[in-house]
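Student: This is the structure I have questions about; it appears just below.
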Amino acid sequence: MCGIVGLVSNKSKLLNENNAFQMESMIDKLKSRGPDDRGIWHSSNRQIIFGHTRLSIQDLSLSGHQPMHSKSGRYTIVFNGEIYNHLELRSKLNISWNGHSDTETILALIDQFGINKTLQALVGMFAFAVFDNIEGTLYLTRDRLGEKPLYYGWLNSKKDKFVFASDLSAIKINDEFERNISKSSICQFLRHNYIASPNSIYENIYKLEPGTILCFDTAKFTYSVFKYWDILNIASSIGQSTFSENEWIERLEELIFKSVKKSLISDVTVGAFLSGGVDSSLIASIMQKCQSNSVKTFTIGFDDPSFNEAEHAKDIAKYIGSDHTELYVDERLVQEMIYKMPATYSEPFADSSQLPTFIVSELASKNLKVVLSGDGGDELFGGYTRYLSIDQLWNKLNLIPYVIKILLGRSANYIHPQILNKIGNKMPSRLLKRDIGDKIQRVCSMLCNTNQQDMYLSLISHFQHPSDWVISSSEPANKVTNEYNIFNNMNFQEKMMILDILTYLPDDILVKIDRAAMANSLETRVPFLDKDIVEFSLRMPSFYKIKDRESKWILKQILNKHIPKKLTDRPKKGFSIPIGKWIRTSLVDWAESLIDRKLLENQGFLDADKVQSMWNEHRNGRRDFGLPLWNILMFQAWLENER
């Protein structure tokens with residue numbers, strides 16, 4: 001795993017010694033992504049310069065040094081990622097090799113077949129830049145699901161320098177970069193707790209979307225972006241296969257075994273995260289069966305039993321025979337990590353499970369360089385509660401006449417949730433629902449949704465109207481509003497899963513794990529996101545994913561073959577922390593310092609009155625605004641780190 005960065009200058013203003021000096025500083029910002037080696041290259045006319053930092057995983061020798069040139073001398077590459085099938089691809093090329101790195105394999109393929117055919121052949125996770133020294137074209141590309149990040153755009157409003165990098169920190173350290181914060185991106189962040197691709201927190205800087213390639217013409221100084229892999233085309237054939245139930249199970253199990261085996265290619269030891277849930281348990285158990293040595297597995301635990309899965313992970317580790325390491329963390333340690341988050345993520349990011357993810361990555365990095373993760377199973381195989389609840393809720397709400405729904409929905413605004421919360425707290429323990437008033441009000445607000453698209457958007461939003469909170473702003477369109485109606489051949493559950501794969505998976509889940517791991521110089525690999533598994537899942541009818549109101553049904557049938565059901569059959573907890581409670585108590589001083597009224601007014605981004613009102617209700621215990629307040633606090637912490 002590595003870090004990549006590059007600059008392209010307009011011909012009228014070629015790169016000079018100061019630009020080379022700036023490149024050194026930009027590379028320094030990527031050191032944690034690649035602490036083992038670094039390199040710089042510039043074109044003969046000094047119009048383009050590449051920088052690279054390397055975490056040595058395959059071919060630890062100097063033969064893997066980057067930037068790397070093809071044998072013909074035509075192409076130069078900086079590459080971040082792992083190509084799991086590169087040895088298989090090598091066997092089809094009759095050439096002599098300098099080493100055995102996957103980077104050299106990519107260059108040889110491009111030399112012989114061109115970049116488009118090469119991308120179709122690659123299986124793995126990647127983001128790379130290739131410069132064609134003959135045509136003068138720069139290609140930027142990113143893997144199909146977005147496991148590896150790549151930012152690009154203009155350094156300044158004059159648009160005389162084009163830049164790309166694995167991380168925003170490498171871009172914003174450049175003296176010429178104009179740090180113009182995008183208010184529309186803040187709106188996106190408040191709604192989702194992440195900034196959706198292709199946007200970034202800065203104007204004129206973008207995220208290259210998964211499965212796309214950017215072609216930059218250095219002569220014309222313009223670029224275009226197009227897809228080389230389109231999830232929508234594959235999903236259009238959903239449910240068309242005629243496999244029996246057993247065939248679906250057997251074929252998926254075979255694909256998972258193949259993916260795990262491919263993910264083990266490495267010149268260093270590979271371990272695994274093990275939370276005790278379905279996904280990580282399945283990956284770890286199959287991984288153990290693919291090798292003779294005990295797999296190193298890692299988990300963290302909490303003293304609070306409502307958030308702790310470490311005991312379950314220990315039982316599973318004992319059963320599969322892994323070499324297990326666990327770390328119980330207290331509130332103090334988790335809270336210490338909060339101060340590292342703005343620099344770790346380099347733009348606002350507020351999935352609170354970023355904290356335990358960082359800690360378990362730090363734990364694993366003390367022992368090895370590579371781990372496998374169970375991420376992706378929820379989106380591909382129906383693991384989230386919303387897939388169960390919202391579909392049923394929509395069907396029930398449709399039985400209520402529209403006029404009555406509107407009246408009920410609006411009436412919820414006149415009943416303070418605290419009243420309902422107090423009623424809920426007096427209910428018998430078997431009926432007790434924590435914060436029932438907040439939940440009832442949220443359901444009532446959904447009564448005003450006239451279609452499934454609006455209901456889904458409402459459910460996944462932390463702020464329903466974020467532009468009301470960001471001063472002088474407007475919220476940009478997103479994939480939920482732009483692409484929902486494309487999926488006419490799918491049911492409601494299938495549409496939600498596809499949209500989560502397009503949005504939540506690359507912009508939240510994969511961002512969370514990539515940044516947390518790379519901050520600790522740790523590579524994470526995600527076997528569920530193998531191309532063949534993803535395409536197989538997209539063609540699978542949803543009733544094999546969610547069956548008899550049981551989520552991830554098909555994965556559980558496979559897991560039961562490898563681990564006794566009694567060790568894994570329990571409700572899903574997720575990787576969460578009690579953030580709402582903490583910002584009322586031990587983190588209250590930190591929170592108040594970040595949302596001080598004068599500070600908010602001086603910054604000019606967030607509506608101070610609204611923020612203060614929300615904070616007062618939460619701090620006084622009248623409402624639970626933990627999640628939306630965490631969004632605000634993470635933005636404010638990031639903004640303070642910008643100073």
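The values are calculated or read from the model by the stated rules, or taken from the named source; none is laboratory data. Note that the coordinates shown come from a computational prediction; the quantities given were computed from them, not determined experimentally. Every residue, glycine among them, receives a Cβ derived from its backbone with ideal geometry; neighbour counts consider all protein chains shown. All accessible areas refer to the heavy atoms of the entire protein, side chains included, with ligands and DNA or RNA removed. Shrake-Rupley method; radii C 1.70, N 1.55, O 1.52, S 1.80 Å.
Conditions (1) over 23 Å from the mean Cα position of the chain (by Cα); (2) more than 20 Å from Ile509 (Cβ to Cβ); (3) hydrophobic (A, V, I, L, M, F, W, C), marked per residue:
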| residue | (1), (2), (3) |
| --- | --- |
| Lys531 | no, no, no |
| Pro541 | yes, yes, no |
| Ile583 | yes, yes, yes |
| Ser586 | yes, yes, no |
| Asp589 | yes, yes, no |
| Leu594 | yes, yes, yes |
| Leu606 | yes, yes, yes |
| Leu627 | no, no, yes |
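Student: Pull up segment 137-171, narrow it to residues that are closer than 16 Å to Ile201 by Cα and modelled with pLDDT under 95, then point me to the one that is nearest to the chain's Cα centre (by Cα).
Tutor: Leu155
Student: Is one or more of the residues making up segment 6-20 buried (at least 23 other Cβ atoms within 10 Å of the Cβ), within 21 Å of Ile513 (Cα to Cα) and not polar (S, T, N, Q)?
Tutor: Scanning segment 6-20 turns up no residue that is buried (at least 23 other Cβ atoms within 10 Å of the Cβ), within 21 Å of Ile513 (Cα to Cα) and not polar (S, T, N, Q).
Student: Go through segment 524-549 and report how many residues are touching a helix residue (DSSP H, G or I) at 6+ places or on another chain (Cβ under 7 Å) and farther than 25 Å from Ser236 by Cβ.
Tutor: 4
Student: Cβ-Cβ distance below 8 Å, separation of 6 or more or different chains: which pairs start in segment 114-128 with a residue that is under 18 Å from Lys71 (Cα atoms) and end on one that is part of a strand (DSSP E or B) and open to solvent by 20 Å² or more (accessible area, probe 1.4 Å)?
Tutor: Ile115/Tyr139
Student: For Ser294, indicate whether it is touching a strand residue (DSSP E or B) at 6+ places or on another chain (Cβ under 6 Å), open to solvent by 10 Å² or more (accessible area, probe 1.4 Å) and without any contact (Cβ under 8 Å) to a residue 60 or more places away in the chain.
Tutor: For Ser294, the condition - touching a strand residue (DSSP E or B) at 6+ places or on another chain (Cβ under 6 Å), open to solvent by 10 Å² or more (accessible area, probe 1.4 Å) and without any contact (Cβ under 8 Å) to a residue 60 or more places away in the chain - is met.
Student: Condition check: in contact with a Ser or Thr (Cβ under 8 Å, 6 or more places away or on another chain) and within 20 Å of Gly301 (Cβ to Cβ). Does Ser346 satisfy that?
Tutor: No: the conditions fail for Ser346.
Student: If Asn560 satisfies every condition in (1) of a type outside the set (Val, Ile, Thr); (2) without any contact (Cβ under 8 Å) to a residue 24 or more places away in the chain; (3) touching a helix residue (DSSP H, G or I) at 6+ places or on another chain (Cβ under 7 Å) but one, which is the exception?
Tutor: Of (1) of a type outside the set (Val, Ile, Thr); (2) without any contact (Cβ under 8 Å) to a residue 24 or more places away in the chain; (3) touching a helix residue (DSSP H, G or I) at 6+ places or on another chain (Cβ under 7 Å), only one is false for Asn560: (3).
Student: Have a look at Thr118, Thr105 and point out the one that is under 22 Å from Phe164 (Cα atoms), open to solvent by less than 60 Å² (accessible area, probe 1.4 Å) and at pLDDT 95 or above.
Tutor: Thr118 is the lone residue from the list that is under 22 Å from Phe164 (Cα atoms), open to solvent by less than 60 Å² (accessible area, probe 1.4 Å) and at pLDDT 95 or above.
Student: Here's a follow-up. For Gln392, are the conditions met, namely being open to solvent by 30 Å² or more (accessible area, probe 1.4 Å), under 33 Å from the mean Cα position of the chain (by Cα) and either of a type in the set (S, T, N, Q) or modelled with pLDDT of 55 or more (or both)?
Tutor: yes
Student: Tally up the residues in segment 277-328 that are among the charged types (D, E, K, R) and under 18 Å from Phe528 (Cβ atoms), please.
Tutor: Residues in segment 277-328 being among the charged types (D, E, K, R) and under 18 Å from Phe528 (Cβ atoms): 2 in total.
Student: Within segment 278-291, which residues are open to solvent by 20 Å² or more (accessible area, probe 1.4 Å) and of a type in the set (S, T, N, Q)?
Tutor: Gln288, Gln291
Student: Looking at segment 42-58, can you tell me whether even one residue there is under 19 Å from Tyr152 (Cα atoms), at pLDDT 80 or above and open to solvent by 40 Å² or more (accessible area, probe 1.4 Å)?
Tutor: Yes: segment 42-58 contains one or more residues that are under 19 Å from Tyr152 (Cα atoms), at pLDDT 80 or above and open to solvent by 40 Å² or more (accessible area, probe 1.4 Å).
Student: Oh, and also: Taking only segment 57-70 into account, find how many residues are part of a strand (DSSP E or B) and out of contact with any Leu (no Cβ under 9 Å at 6 or more places or on another chain).
Tutor: 0
Student: Hey, does segment 345-362 have a residue that's without any contact (Cβ under 8 Å) to a residue 12 or more places away in the chain, surrounded by fewer than 24 Cβ atoms within 10 Å (Cβ to Cβ) and either aliphatic (A, V, I, L, M) or not in a strand (DSSP E or B) (or both)?
Tutor: no
Student: Taking only segment 1-27 into account, find how many residues are modelled with pLDDT under 90 and either under 29 Å from Gly124 (Cα atoms) or of a type in the set (D, E, K, R) (or both).
Tutor: Result for segment 1-27: 5.
Student: Then there is this: Taking the residues in segment 568-591 that are among the β-branched types (Val, Ile, Thr) and under 30 Å from Tyr319 (Cβ atoms) as candidates, determine which candidate is modelled with the highest pLDDT.
Tutor: If we take residues in segment 568-591 being among the β-branched types (Val, Ile, Thr) and under 30 Å from Tyr319 (Cβ atoms), then Thr568 is modelled with the highest pLDDT.
Student: Filter segment 143-199 for residues that are among the hydrophobic types (A, V, I, L, M, F, W, C), surrounded by fewer than 20 Cβ atoms within 10 Å (Cβ to Cβ) and part of a helix (DSSP H, G or I) and give the result.
Tutor: If the condition is that a residue be among the hydrophobic types (A, V, I, L, M, F, W, C), surrounded by fewer than 20 Cβ atoms within 10 Å (Cβ to Cβ) and part of a helix (DSSP H, G or I), then no residue fits.
Student: Additional query: Examine segment 571-589 for a residue that is in contact with a Phe, Trp or Tyr (Cβ under 7 Å, 6 or more places away or on another chain), surrounded by 14 or more Cβ atoms within 10 Å (Cβ to Cβ) and assigned to a helix (DSSP H, G or I), and state whether such a residue exists.
Tutor: Taking every residue of segment 571-589 in turn, at least one turns out to be in contact with a Phe, Trp or Tyr (Cβ under 7 Å, 6 or more places away or on another chain), surrounded by 14 or more Cβ atoms within 10 Å (Cβ to Cβ) and assigned to a helix (DSSP H, G or I).
Student: If you don't mind, another one. Would you call Tyr223 open to solvent by 20 Å² or more (accessible area, probe 1.4 Å), touching a Leu at 6+ places or on another chain (Cβ under 9 Å) and not in a loop (DSSP other than H, G, I, E, B)?
Tutor: The answer is yes for Tyr223.
Student: Also, I was wondering about something else. For Ser185, all conditions in the list (1) in contact with a strand residue (DSSP E or B) (Cβ under 9 Å, 6 or more places away or on another chain); (2) within 28 Å of Thr118 (Cβ to Cβ) hold save one; what is the number of the exception?
Tutor: Failing condition for Ser185: (2).
Student: Search segment 604-629 for residues being in contact (Cβ under 8 Å) with a residue 40 or more places away in the chain and part of a helix (DSSP H, G or I), and hand back the single one that is most open to solvent (accessible area, probe 1.4 Å).
Tutor: Leu627
Student: Can you find a residue that is open to solvent by 60 Å² or more (accessible area, probe 1.4 Å), free of Cβ contacts under 8 Å to residues at least 12 places away in the same chain, small (Gly, Ala, Ser) and not in a helix (DSSP H, G or I) anywhere in segment 227-246?
Tutor: There is no residue in segment 227-246 that is open to solvent by 60 Å² or more (accessible area, probe 1.4 Å), free of Cβ contacts under 8 Å to residues at least 12 places away in the same chain, small (Gly, Ala, Ser) and not in a helix (DSSP H, G or I).
Student: Filter segment 1-38 for residues that are under 28 Å from Lys220 (Cα atoms) and not in a helix (DSSP H, G or I) and give the result.
Tutor: The answer is Gly3, Ile4, Val5, Gly6, Leu7, Val8, Ser9, Asn10, Leu14, Leu15, Asn16.
Student: Another one. Going residue by residue through segment 71-82, is there one that turns out to be over 27 Å from Leu368 (Cβ atoms), open to solvent by less than 10 Å² (accessible area, probe 1.4 Å) and either among the aliphatic types (A, V, I, L, M) or assigned to a strand (DSSP E or B) (or both)?
Tutor: Yes, some residue in segment 71-82 is over 27 Å from Leu368 (Cβ atoms), open to solvent by less than 10 Å² (accessible area, probe 1.4 Å) and either among the aliphatic types (A, V, I, L, M) or assigned to a strand (DSSP E or B) (or both).
Student: Among the residues in segment 374-386, are any aliphatic (A, V, I, L, M), modelled with pLDDT of 95 or more and part of a helix (DSSP H, G or I)?
Tutor: There is at least one residue in segment 374-386 that is aliphatic (A, V, I, L, M), modelled with pLDDT of 95 or more and part of a helix (DSSP H, G or I).
Student: If you don't mind, another one. I want to confirm something. Restricting to segment 121-140 and keeping residues that are part of a strand (DSSP E or B), open to solvent by 10 Å² or more (accessible area, probe 1.4 Å) and not small (Gly, Ala, Ser), which single residue is nearest to Asp111 (Cα to Cα)?
Tutor: Restricting to residues being part of a strand (DSSP E or B), open to solvent by 10 Å² or more (accessible area, probe 1.4 Å) and not small (Gly, Ala, Ser), the top hit is Phe131.
Student: Kindly indicate the residue of segment 59-76 that is at pLDDT 85 or above and out of contact with any strand residue (DSSP E or B) (no Cβ under 8 Å at 6 or more places or on another chain) and also nearest to Ile95 (Cα to Cα) among those meeting that condition.
Tutor: Taking the candidates together, the pick is Lys71.
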